[in-house]
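Below you'll find the structure, written out as structure tokens, and then a few comments.
The values are calculated or read from the model by the stated rules, or taken from the named source; none is laboratory data. What you see is a predicted model, and the numbers here were worked out from it, not measured in a lab. Positions of Cβ are generated from backbone atoms using ideal geometry, with glycine treated the same way; all protein chains shown enter the neighbour counts. In case anyone asks, the SASA skips ligands and DNA or RNA and just uses the protein heavy atoms, side chains included. Shrake-Rupley method; radii C 1.70, N 1.55, O 1.52, S 1.80 Å.
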Amino acid sequence: MVDSRKLYIDSMKKKFQEKPEDKKTQFYNYGTWKQSKSKSKFVESSKKISAERGIPGYNPDVGLAQGQRLLMPYQLSHTDYIVDMDDIHFMNNAAMQQLWDDIRRTVIVGMDMAHNILEKRLGKEVTPETINHYMELINHTMPGGAVIQEHMCEVNPELATDCYVKIFTGDDELADQLDNRFLIDINKEFPEDQAQQIKENIGKSTYQVVRVPTLVGRVCDGGTISRWSGMQIGMTMMGAYNMAAGEAATADFSYAAKHASVINMGSFMPARRARANNEPGGIPFGVMADCVQSSRLYPDDPGRHTLEAIAAGAVVYDQIYLGSYMSGGVGFTQYASATYTDNILEDFIYYGIDYIKDKYGDFCAAPTTKDEIEKISTDIGVYCLETYEKYPTVMESHFGGSQRAACISAASGCATAMATGSAQAGSNAWYHSMILHKEEMGRLGFYGYDLQDMCGSSNTFSFRSDEGLPFEMRGPNYPNYAMNVGHMSAYTGIATAPHAARGDAWTLSPIIKVAFADKHLNFDFGHVTDCYGKGCMKEFMPAGERDAIIP
Amino acid sequence: MVYKAQFVPGESIVSKNRKKYMDPEYKFKKLRSLSDEDLVLVLGHRAPGEDFKSVHPPLDEMGEPDCIIRELVEPTEGAKAGDRIRYVQFTDSVYFAPITPYQRAWAYLHRYRGIDTGTLSGRQIIEARERDVEKYAKELIESETFDPARTGIRGRTVHGHAVRLDENGLMFDAMQRYIFDADSGEVKYVKNMGGEPIDRPVSVGKPLPDEELEKMTTMFRADGVSITKDPEVLEVVNAVHWGRTFGGYKSVNREGQ
């Protein structure tokens, strides 16, 4: 467990090389974009590209002169990585791309329905041996191998090194007999108490975790992922259990593999924001929280798990979804980075944890009442506001009001969620914090804050359809949530926080939590910001490369 | 009993300053003078002496239909003349600029007619017919709501409100629209609101001393008046929050639970 320790002060010293408390500095003498290694390199590359193709490209001299003030580097929270600002744009960061690729290309398909069809309808035997045989076959077909058809065009395995299928179950006896090469072993991957919680909830059910090749998601879309998976599973079932391609039960297998037993990471979205399954707008906050694995690696540090979930949400929801799917351009990265850099939100969260321990003795011990929510939100909110005011470099790091609003309300929301054990109470505190912030500073964020953050409290305690949802099940597709950067990352934190504080093994789904407890994933979901740092340093090896088919 | 508007809660100097700005009966103190030509140069919407551009004929010539709303609402001068819509936009530093974005919006809505105003953390825009904009902008720049060092007149590239101050106490501006003239001690605009160079520098006067700004402020701050020292403000924050929470969709039955 990490105590509140004002690590941001050290980050500020490294960033600015000036006293964090000073209100004054110098401008206009940093040499514009030339002060930045990455921008200087961009200029050099662009000159070459422009000369080769004969069309001008990137040229910071024709835009607003970047670098009139210090182009701040950023320290990735709870790491030692200090990185150039450009390196946290997802286009420049292979790890961030892989984070999203690894979520999008995952489909979980229950095996119980298929096994029931085999046993009860067709009278075939399903044993650990037949399951292991199936797993071997599916790991041939999923990357693009043919199993029951002949004369097929197959996929070069070098393009699908990241593709495989694993299996897990809550049944220890069955797990013991499954081929270790395919098994996600709950007992090995989770602390004992968490493993126990998970197994009790999964029971004797068996699930296969499908990782479709990264390239499929990039060339097609998230909807293709579950179709690709469904088709290969259907073919493999027929191959593994020697079934006729045309028999009626095949339709049941197909239905199970493509629909009935499928758990997508993201749900289908309505026409106004139309995207298929497994696209970021359809991912509930609780799913994002369960993809992140700090809860099992650092079970005594709920602050870390909350912050790591926020960091994942910032990139997938803010930088990739809102920043690119819904908008485009370069502004969203700067905004979203506030929640996972420079240990600022880190300090706010750990301050909240200390506050809870001091005031209530333990997590989840505060009553979920109006007065308590307002008290926690006010105390945490004032601490955060005053941090910005006491340390002008912290204010300058979060030079947009939206950044500050996101971090302050995230801190109030997460602390309230941890104190009460309720994400609904946490979300209510988020909105209280927004009003407090607006009243204190006389300013808040950009226009959007006048809408969702002023009216959002009215549905914080409602579960009824069309009026609300349990907070863990809300996502970008929830009314008003898809409008503003810096919100959904923090909402992920608010969904995560009470479960992390309670010692829950998962936030929304034990099945998704287990599916991502997988060391073969390219992105390290247990060390999110660290992985971003590797991406910034060009030390991260992604999947989906096309070396095998290019000159 | 005649109702007396409180405008905003609180008893602190910050709250009192807020009430003052929002009270339309209160006349802003005039701290400096700006000629009409200087104003036009800084705004950059038209050249000095140039006629206002119009988007429709004067209302008197339009033969408007009978309409009770038209009869009730007296058009502004700009609307009467058919002026196009233009704007003035201010950036207020967190370091004790006299007014804040929300205070601007609330004050404008109590004081000015025919406006559309938008509020962000780092800028606050007021849109209206062009001659009305010039009238409002002149009043604002000449008044106590404006400080040459901590208030910026910026159409775009507005960042700076939360950035530290330069050695002369001026707010950062990536377009360097203004400079500090050490000889006169005045702040001079060398570019217009949109960042285009202007023919001659326009002085907006000397920055106010820090101690003066701290007395005039409408923002609570850790190094000024803390919001925690004004309990009525916190009480109203809670009342607004709970009103919205309890007045909305709810799964609870008893207030306070």
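Quick grid of which residues meet (1) hydrophobic (A, V, I, L, M, F, W, C); (2) open to solvent by less than 10 Å² (accessible area, probe 1.4 Å); (3) out of contact with any Ser or Thr (no Cβ under 8 Å at 6 or more places or on another chain):
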residue: A:Met483; (1), (2), (3): yes, no, yes
residue: A:Ile512; (1), (2), (3): yes, yes, yes
residue: A:His520; (1), (2), (3): no, no, yes
residue: A:Phe523; (1), (2), (3): yes, yes, yes
residue: A:Gly535; (1), (2), (3): no, yes, yes
residue: A:Ala548; (1), (2), (3): yes, no, yes
In the set A:Ala425, A:Ala405, the lone residue that is crowded, with 24+ Cβ neighbours inside 10 Å, part of a helix (DSSP H, G or I), aliphatic (A, V, I, L, M) and at the interface with chain B (Cβ under 9 Å from one of its Cβ atoms) is A:Ala405
Can you tell which of B:Arg177, B:Arg156, B:Arg150, B:Arg131 is more than 11 Å from chain A (Cβ to nearest Cβ) and farther than 26 Å from B:Asp210 by Cα?
-> B:Arg131
For residues that are more than 10 Å from chain A (Cβ to nearest Cβ) and open to solvent by less than 40 Å² (accessible area, probe 1.4 Å), tally how many sit in the stretch B:209-224.
-> 2
Restricting attention to the stretch B:107-126, the residues that are surrounded by fewer than 21 Cβ atoms within 10 Å (Cβ to Cβ), of a type outside the set (Val, Ile, Thr) and within 13 Å of another protein chain (Cβ to nearest Cβ) number exactly 2
Looking at B:Val187, B:Val163, B:Val202, which is the one that is crowded, with 18+ Cβ neighbours inside 10 Å, assigned by TED's automatic domain parsing to the domain that holds B:Met22, over 25 Å from A:Arg404 (Cβ atoms) and without any contact (Cβ under 8 Å) to a residue 40 or more places away in the chain?
-> B:Val187
Could you list all residues from the stretch B:18-72 that are in a helix (DSSP H, G or I) and loosely packed, with under 15 Cβ neighbours inside 10 Å?
-> B:Asp36, B:Glu37, B:Leu59, B:Asp60, B:Glu61, B:Ile68, B:Ile69, B:Arg70, B:Glu71, B:Leu72
Restricting attention to the stretch A:460-478, which residues are in contact (Cβ under 8 Å) with a residue 12 or more places away in the chain and either open to solvent by 20 Å² or more (accessible area, probe 1.4 Å) or closer than 22 Å to A:Arg272 by Cβ (or both)?
-> A:Phe461, A:Pro470, A:Glu472, A:Met473, A:Arg474, A:Gly475, A:Pro476, A:Asn477
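Within the stretch B:98-131, can you find the residues that are among the basic types (Lys, Arg) and either touching a strand residue (DSSP E or B) at 6+ places or on another chain (Cβ under 6 Å) or not in a helix (DSSP H, G or I) (or both)?
Answer for the stretch B:98-131, where residues must be among the basic types (Lys, Arg) and either touching a strand residue (DSSP E or B) at 6+ places or on another chain (Cβ under 6 Å) or not in a helix (DSSP H, G or I) (or both): B:Arg104, B:Arg113, B:Arg123, B:Arg129, B:Arg131.
Yes/no matrix, rows are residues, columns are (1) modelled with pLDDT under 95; (2) within 12 Å of chain B (Cβ to nearest Cβ):
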| residue | (1), (2) |
| --- | --- |
| A:Asp450 | yes, yes |
| A:Arg464 | yes, yes |
| A:Val485 | yes, no |
| A:His499 | no, no |
Out of A:Gln75, A:Gln98, sole residue that is at pLDDT 95 or above, part of a strand (DSSP E or B) and buried (at least 17 other Cβ atoms within 10 Å of the Cβ) = A:Gln75
Kindly indicate whether any position in the stretch A:431-443 is modelled with pLDDT under 95, at the interface with chain B (Cβ under 7 Å from one of its Cβ atoms) and more than 22 Å from the chain's Cα centre (by Cα).
-> no
Going by the conditions given, is B:Phe246 within 9 Å of another protein chain (Cβ to nearest Cβ), under 19 Å from A:Arg443 (Cβ atoms) and surrounded by 14 or more Cβ atoms within 10 Å (Cβ to Cβ)?
-> no
The stretch A:163-256: helices (runs of 4 or more DSSP H) wholly inside it with 1 or more residues that are modelled with pLDDT of 95 or more are A:172-177, A:186-189, A:192-202, A:214-219, A:222-240
Specify the residue that is nearest to A:Gln293 (Cα to Cα); the eligible residues are those in the stretch A:81-92 that are out of contact with any Leu (no Cβ under 9 Å at 6 or more places or on another chain) and not in a helix (DSSP H, G or I).
-> A:Tyr81
Please indicate, with yes or no, whether at least one residue in the stretch A:51-58 is more than 14 Å from chain B (Cβ to nearest Cβ) and open to solvent by less than 70 Å² (accessible area, probe 1.4 Å).
-> yes
Looking at A:Glu158, A:Glu125, A:Glu136, which is the one that is in contact with an Asp or Glu (Cβ under 8 Å, 6 or more places away or on another chain), acidic (Asp, Glu) and in a loop (DSSP other than H, G, I, E, B)?
-> A:Glu125
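What residue, among those in the stretch B:190-199 that are within 14 Å of chain A (Cβ to nearest Cβ) and in contact (Cβ under 8 Å) with a residue 60 or more places away in the chain, is least open to solvent (accessible area, probe 1.4 Å)?
B:Gly194
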Need at least 3 residues that are among the hydrophobic types (A, V, I, L, M, F, W, C) per element, so show me which helices (runs of 4 or more DSSP H) inside the stretch A:283-324 make the cut, counting only ones lying wholly within it.
-> A:285-291, A:302-313
Go through the stretch A:140-191 and give me each residue that's among the polar types (S, T, N, Q), open to solvent by 40 Å² or more (accessible area, probe 1.4 Å) and free of Cβ contacts under 8 Å to residues at least 60 places away in the same chain.
-> A:Gln177, A:Asn180, A:Asn187
